[in-house]
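Have a look at the structure below before the remarks.
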Amino acid sequence: MSDLTYWIVRHSNQVFISTQAESGDVFPLARASDFDLPHSPLLIGQWQGKPCYAIEADQIPTHLVGELRPVRSIFGSEGAEAFALAGRATQMIDWQKNHQYCGHCGTPTIMKTTEFAMECPSCRLIAYPRISPAVMVLVERGNDLLLARSPHFKPGVFSALAGFVEPGETLEQCAVREVREEVGIEITNLRYFKSQPWPFPNSLMIAYFADYAGGTITPDPSEIEAADWFSREALPLLPDPVSIARQLIEAALR
């Protein structure tokens with residue numbers, strides 16, 4: 001890797017974004033020799049036609065011009081493609097850091113060259129990058145949408161319901177269970193919308209529309225701070241455009 005390639009450099013849980021006016025590139029162009037690499041860099045894809053590597057660095061090389069930014073902010077400033085690549089990079093960096101030793105026998109692991117996998121040379125246990133599927137459901141009742149807020153949301157923001165898939169559970173079963181557990185109602189006519197990788201920290205969001213089938217809204221106080229029916233003409237504050245929740249709600253409005 002002696003040639004110039006693109007690098008997604010994470011430091012202090014933020015990603016370094018290039019501000020070199022002459023290049024206009026989002027991620028810095030650099031060589032592997034520019035960094036003190038504790039682990040093998042991760043080839044995560046391409047950017048502007050060149051290979052793009054991801055690393056975690058204790059410090060940023062002084063000749064690189066730019067600034068550190070939270071991953072979430074990259075969508076608004078640099079666009080969806082850069083956000084997706086930076087999100088993939090941070091997930092892969094976490095996976096590499098968290099699997100330096102075998103979870104079964106404690107032996108230092110080795111990264112396989114043929115796939116993204118950390119392998120134990122002793123017991124041969126293989127650790128792949130973690131992906132946690134989560135289902136999101138926007139429940140419709142005529143002209144109304146069921147929206148709720150969690151205590152960790154920004155003040156005033158309401159969103160669709162969501163929860164992680166449990167072992168042995170289908171996506172459809174998860175959708176029904178999560179809505180029932182979080183707000184106490186039943187749903188029917190589940191309709192797939194689309195999915196979104198969500199790197200906070202390693203989720204895959206699968207979004208659905210559903211129709212109201214019965215029950216009274218009874219929020220689970222351990223997860224839901226407030227929930228209610230909102231008419232399409234009088235919605236509360238919604239999640240950021242980067243999220244699939246916002247895209248799901250806007251699709252319902254269309």
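The values are calculated or read from the model by the stated rules, or taken from the named source; none is laboratory data. Small disclaimer: the values here were computed from a predicted structure and weren't measured. Positions of Cβ are backbone-derived with ideal geometry, glycine not excepted, and every protein chain shown enters the neighbour counts.
Observations on the structure shown:
- Taking first residues from the range 110-123 that are over 13 Å from I44 (Cα atoms) and partners that are among the acidic types (D, E) and at pLDDT 95 or above, the Cβ contacts under 6 Å between residues at least 6 apart in sequence or on separate chains come to I110/E119; K112/E119.
- D220, sole failed condition from (1) within 29 Å of A80 (Cα to Cα); (2) assigned to a loop (DSSP other than H, G, I, E, B): (1)
- Scanning the range 228-250 for residues that are within 24 Å of the chain's Cα centre (by Cα) and part of a strand (DSSP E or B) yields one hit, L237.
- The condition (being surrounded by 15 or more Cβ atoms within 10 Å (Cβ to Cβ), in the same structural domain as R232 (by TED's automatic domain parsing) and within 30 Å of Y101 (Cα to Cα)) is satisfied by just one residue among V157, V165, V179: V165.
A quick yes/no check of all residues on (1) modelled with pLDDT under 90; (2) assigned to a loop (DSSP other than H, G, I, E, B); (3) in the same structural domain as D34 (by TED's automatic domain parsing):
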site: P51; (1), (2), (3): no, no, yes
site: I55; (1), (2), (3): no, no, yes
site: H63; (1), (2), (3): yes, yes, yes
site: S77; (1), (2), (3): yes, no, yes
site: E81; (1), (2), (3): no, no, yes
site: A86; (1), (2), (3): no, no, yes
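- Of the residues making up the range 218-254, those that are in contact with a helix residue (DSSP H, G or I) (Cβ under 7 Å, 6 or more places away or on another chain), in contact (Cβ under 8 Å) with a residue 60 or more places away in the chain and either under 17 Å from M136 (Cα atoms) or outside the structural domain of F193 (by TED's automatic domain parsing) (or both) are P219, E223, I224, A227, L238, P239, D240, V242.
- Inspection of the range 16-32 identifies at least one residue that is hydroxyl-bearing (S, T, Y) and outside any loop (DSSP other than H, G, I, E, B).
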